[in-house]
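K.L.:
The structure that follows is given in the form of structure tokens.
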Amino acid sequence: MSGYAAAALAVVIWASYPVATRAGLADAFAPHDLMALRFGVGAVLFLPWIVLKSGDIGRHAWIRGVPLTLFQGAGMAALVIGGLQCAPASHAAALGPGVSPAWVALLGATLFAHSSPLRIVAGAAFCTVGALLLVGSSAAELNSHVLIGDAMFLGASALGALYVLQMRRWGMGAVQGAAIVTLYSALIVLPWHWLSGNTALLNIAPSTVLWQVLWQGVLIGCVALLALNHAIGRLGSERSALMLAFVPALSAMLGVVFLREIPSHAELAAIVAICAGVSLGASGGYAGSPAASSARAKRSACGLSRPG
């Protein structure tokens with residue numbers, strides 16, 4: 001699968017995730033119920049691979065899995081699900097994946113001294129403007145409760161950006177990274193769920209539980225994470241984050257198709273800004289891409305690289 005195809009798959013799943021999660025909260029699922037389904041089912045799916053490949057997973061990979069679990073696993077999921085109890089699902093998409101490119105550029109520069117091309121920075125700026133327009137379009141809903149949720153979404157987005165940067169920097173394989181993060185998250189979340197003594201899952205219709213098993217466990221807990229990791233390996237951190245910024249725009253489009261929710265002028269402007277940002281930043285090569293690295297290696301072999 002190409003990097004763009006993997007990123008597109010992750011975008012489609014995450015565009016529907018806030019709505020599915022908010023629906024689960026409305027159906028009497030507690031936050032730790034949804035997290036238990038997400039990481040418990042995901043861990044079961046990854047467990048056969050972990051058992052078969054345990055001898056090939058080095059000590060460094062297990063150690064690096066600890067911060068990655070905070071960035072993209074249980075830590076990030078707790079912030080998103082907590083935020084969805086306070087703010088609309090549209091805010092989760094806009095302030096999560098929508099501002100991820102800006103976080104990647106900012107944190108990459110401040111923490112890893114990574115210089116992003118001007119085109120990438122401009123694309124991230126367009127995506128951020130679009131995300132803020134989407135949030136601003138529902139300004140009438142803004143209150144202290146919603147702002148707390150928005151702050152949680154921004155925190156989750158920052159953690160996600162750190163995950164993208166570190167996965168690329170450490171060069172972990174797509175399946176290995178996803179499996180370790182999901183397993184560690186399950187080891188945190190499942191005991192927490194058991195100790196809470198919550199039995200809500202037993203009182204919810206089986207069909208509703210199975211629906212959340214599909215979304216939380218199979219699609220979000222397994223497929224989307226694999227697709228994201230594959231995209232990071234193929235496209236690099238910045239371009240992967242830019243592709244994910246298309247999530248809020250796609251969420252708005254899905255609302256038009258399935259819910260007959262006609263976007264406002266501000267929302268249409270936001271969609272245009274995000275699409276422009278993704279198109280601008282995702283086009284051409286950049287310094288961190290595999291193609292650019294290969295080109296630098298060829299120039300070096302021919303004696304064309306600059307001294308220093």
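The values are calculated or read from the model by the stated rules, or taken from the named source; none is laboratory data. Keep in mind it's a predicted model, so treat the numbers as computed, not measured. Methodologically, a virtual Cβ is constructed for each residue, glycine included, from the backbone with ideal geometry; neighbour enumeration extends over all protein chains shown.
K.L.:
Just need a number here: residues in segment 179-231 that are in a loop (DSSP other than H, G, I, E, B) and free of Cβ contacts under 8 Å to residues at least 24 places away in the same chain.
P.N.:
3
K.L.:
Continuing with the same structure: Of all residues in segment 41-70 being surrounded by fewer than 17 Cβ atoms within 10 Å (Cβ to Cβ) and of a type in the set (Phe, Trp, Tyr), which is farthest from the chain's Cα centre (by Cα)?
P.N.:
Among them, the one singled out is TRP49.
K.L.:
Going through segment 1-29 one residue at a time, which ones are crowded, with 17+ Cβ neighbours inside 10 Å and assigned to a loop (DSSP other than H, G, I, E, B)?
P.N.:
PHE29
K.L.:
Go through segment 103-123 and give me each residue that's among the hydrophobic types (A, V, I, L, M, F, W, C) and in contact with a Ser or Thr (Cβ under 8 Å, 6 or more places away or on another chain).
P.N.:
Hits for segment 103-123 are TRP103, VAL104, ALA105, ALA109.
K.L.:
Let me ask something else about it. Would you pick out the residues in segment 101-113 that are touching a residue at least 40 places away in the same chain (Cβ under 8 Å) and either among the aromatic types (Phe, Trp, Tyr) or in contact with a Cys (Cβ under 8 Å, 6 or more places away or on another chain) (or both)?
P.N.:
Residues satisfying the conditions are PRO101, TRP103, PHE112.
K.L.:
Among the listed residues SER251, SER185, SER240, which satisfies the condition of being at pLDDT below 80 and not acidic (Asp, Glu)?
P.N.:
From the options SER251, SER185, SER240, the qualifying one is SER251.
K.L.:
Consider only pairs whose beta carbons are under 8 Å apart and that are at least six residues apart or on different chains; among these, list those whose first residue lies in segment 23-37 and is in contact (Cβ under 8 Å) with a residue 40 or more places away in the chain and whose second residue is part of a loop (DSSP other than H, G, I, E, B).
P.N.:
LEU25/GLN85; ASP27/ILE204; ALA28/ILE204; PHE29/ILE204; ALA30/ASN198; PRO31/GLN85; HIS32/ASN198; ASP33/ASN198
K.L.:
Is it fair to say ALA125 is of a type in the set (A, V, I, L, M), touching a residue at least 12 places away in the same chain (Cβ under 8 Å) and surrounded by fewer than 24 Cβ atoms within 10 Å (Cβ to Cβ)?
P.N.:
yes
K.L.:
Filter segment 107-140 for residues that are assigned to a loop (DSSP other than H, G, I, E, B) and among the hydroxyl-bearing types (Ser, Thr, Tyr) and give the result.
P.N.:
Answer for segment 107-140, where residues must be assigned to a loop (DSSP other than H, G, I, E, B) and among the hydroxyl-bearing types (Ser, Thr, Tyr): SER115, SER116, SER137, SER138.
K.L.:
Does segment 141-155 contain at least one residue that is surrounded by 20 or more Cβ atoms within 10 Å (Cβ to Cβ) and not in a helix (DSSP H, G or I)?
P.N.:
No, segment 141-155 contains no residue that is surrounded by 20 or more Cβ atoms within 10 Å (Cβ to Cβ) and not in a helix (DSSP H, G or I).
K.L.:
Still on this model: Scan segment 84-97 and tell me whether some residue there is farther than 20 Å from ARG169 by Cβ, over 17 Å from the mean Cα position of the chain (by Cα) and at pLDDT 90 or above.
P.N.:
Within segment 84-97 (the criterion being farther than 20 Å from ARG169 by Cβ, over 17 Å from the mean Cα position of the chain (by Cα) and at pLDDT 90 or above), the answer is no, since none of the residues qualifies.
K.L.:
Output yes when any residue across segment 71-89 is without any contact (Cβ under 8 Å) to a residue 24 or more places away in the chain, surrounded by fewer than 22 Cβ atoms within 10 Å (Cβ to Cβ) and within 30 Å of SER264 (Cβ to Cβ), and no when none is.
P.N.:
No, segment 71-89 contains no residue that is without any contact (Cβ under 8 Å) to a residue 24 or more places away in the chain, surrounded by fewer than 22 Cβ atoms within 10 Å (Cβ to Cβ) and within 30 Å of SER264 (Cβ to Cβ).
K.L.:
Just to check your reading of the model, which residue among ALA151, ALA140 is more than 20 Å from VAL80 (Cβ to Cβ) and modelled with pLDDT under 90?
P.N.:
Going through ALA151, ALA140 in turn, the sole match is ALA140.
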